[in-house]
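Down below is the structure, laid out as structure tokens.
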Amino acid sequence: MRSLSRRNWILLILITLCWGINWPIMKIGVTEFPPITFRTLSMIGGLPAIWLVARLRGISLNIPPGQLSIIARLAVPNMMIWHLCIILGVSMLSSGRAAILGYTMPVWAVLSGLLFFRERVTRMAWLGVACALAGALLLLSSEFATLSGHPLGSILVLIAAAGWGYGTVALKKSQIDMPTIALTFWMLAITTLALGAAAVLFERSAWRWPNAIEWGAIVFNAGIVFGFAHVVWFQMARTLPPIASSLSVMMIPVVGVFSGAWILGETPHWQDYAAMGLILAAMSTVLLKPRANIPE
């Protein structure tokens, strides 16, 4: 199995930190600013960065004949549902709680494989599903029990995670012949148009010029999250050992919880720690599966 170079380790750590820290940064951005508009502006800023990377690498962004409908179908669960529901959920929840629920995605991918693609589910995967369900129900019960709680926010984040999970499996099953960065660019472009239309329909009356802090959150999402983390991750995903990518994904909600406490002063409750433990256990049963060594 291919080992990680020092450069890959640095990039992997940077990606994990960028995505983890982005949970409280998103919360800052949408606390007083329309959330769908915030996400749309971030995507508009991210598209040129991805285009530039593709151009510098000599990668064509042309859409193969007959593939546009497939790209649009893949964009719906992988990006439209994820980005719309997650940003609305973050506006209602603490950033740490949203991060915990958002990264139930690998378990939803297992269930999607079973329900829609007739994939076999192992006993360990079923244990993971049970742990993730217990963690989600724990946080939901906490939201319902709190007078100022937002159970709708938890439900929206779970819908986002389920959409992303299904989309991940659908992407693997799809027959589409184009570079990953090109596919990402066009799925993001389609999603930007859809979220832009939603912002016009539902948030136009609340539009205003972002303040300096909100612009900072938008720029961070556009340049760092979309322009850097997404591009580097897709580049590394094909060469990373599975254990490395799995551990990176598992660390993101942990970074999200503690960065939310550090940046926003959020106070995680025992339900958050218990749910985080359950969902990390669930992710480990799904992601850290034994794999045969692959020859170089």
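The values are calculated or read from the model by the stated rules, or taken from the named source; none is laboratory data. Everything numeric here is computed off the predicted structure, so don't read it as measured data. Don't worry about glycine lacking a Cβ; one is built from the backbone with ideal geometry, like all the others, and counts go over all protein chains shown.
Quick one: would you say residue 89 is over 15 Å from the mean Cα position of the chain (by Cα) and surrounded by 17 or more Cβ atoms within 10 Å (Cβ to Cβ)? In short, no. If I ask for residues that are of a type in the set (Ser, Thr, Tyr), surrounded by fewer than 14 Cβ atoms within 10 Å (Cβ to Cβ) and closer than 23 Å to residue 253 by Cα, which ones from region 105-154 would you list? Hit for region 105-154 is 146, nothing else. Within region 138-154, residues that are within 14 Å of residue 270 (Cβ to Cβ) have Cβ atoms under 8 Å from residues that are among the small types (Gly, Ala, Ser) and modelled with pLDDT under 85 in these pairs: 142/149, counting only partners at least 6 apart in sequence or on another chain. Does residue 80 satisfy the condition of being part of a helix (DSSP H, G or I), touching a residue at least 60 places away in the same chain (Cβ under 8 Å) and under 22 Å from residue 172 (Cα atoms)? Yes.
Of the helices (runs of 4 or more DSSP H) contained entirely in region 226-296, not one carries at least 1 residues that are at pLDDT 85 or above, under 22 Å from residue 95 (Cα atoms) and basic (Lys, Arg).
Scan 154, 141, 95 and give me the residue that is within 20 Å of residue 275 (Cα to Cα), out of contact with any helix residue (DSSP H, G or I) (no Cβ under 6 Å at 6 or more places or on another chain) and not basic (Lys, Arg).
Within the list 154, 141, 95, the selection yields 141.
Among the residues of region 104-126, which ones are of a type outside the set (A, V, I, L, M, F, W, C) and either part of a helix (DSSP H, G or I) or at pLDDT below 85 (or both)?
Of everything in region 104-126, those that are of a type outside the set (A, V, I, L, M, F, W, C) and either part of a helix (DSSP H, G or I) or at pLDDT below 85 (or both) turn out to be 106, 112, 113, 118, 119, 120, 122, 123.
Within region 179-192, is even one residue of a type in the set (Ser, Thr, Tyr), over 23 Å from residue 274 (Cβ atoms) and either touching a Pro at 6+ places or on another chain (Cβ under 6 Å) or assigned to a loop (DSSP other than H, G, I, E, B) (or both)? No: region 179-192 contains no residue that is of a type in the set (Ser, Thr, Tyr), over 23 Å from residue 274 (Cβ atoms) and either touching a Pro at 6+ places or on another chain (Cβ under 6 Å) or assigned to a loop (DSSP other than H, G, I, E, B) (or both). Among the criteria (1) within 22 Å of residue 219 (Cα to Cα); (2) modelled with pLDDT of 95 or more; (3) surrounded by fewer than 22 Cβ atoms within 10 Å (Cβ to Cβ), the one residue 52 does not fulfil is (2). Scanning region 17-47 for residues that are in a helix (DSSP H, G or I), more than 15 Å from the chain's Cα centre (by Cα) and hydroxyl-bearing (Ser, Thr, Tyr) gives 37, 40. Checked against (1) part of a helix (DSSP H, G or I); (2) more than 17 Å from the chain's Cα centre (by Cα); (3) surrounded by 16 or more Cβ atoms within 10 Å (Cβ to Cβ); (4) among the hydrophobic types (A, V, I, L, M, F, W, C), residue 10 passes all but a single condition, namely (3). Here residue 58 meets each of (1) in a helix (DSSP H, G or I); (2) surrounded by fewer than 19 Cβ atoms within 10 Å (Cβ to Cβ) with one exception, condition (1).
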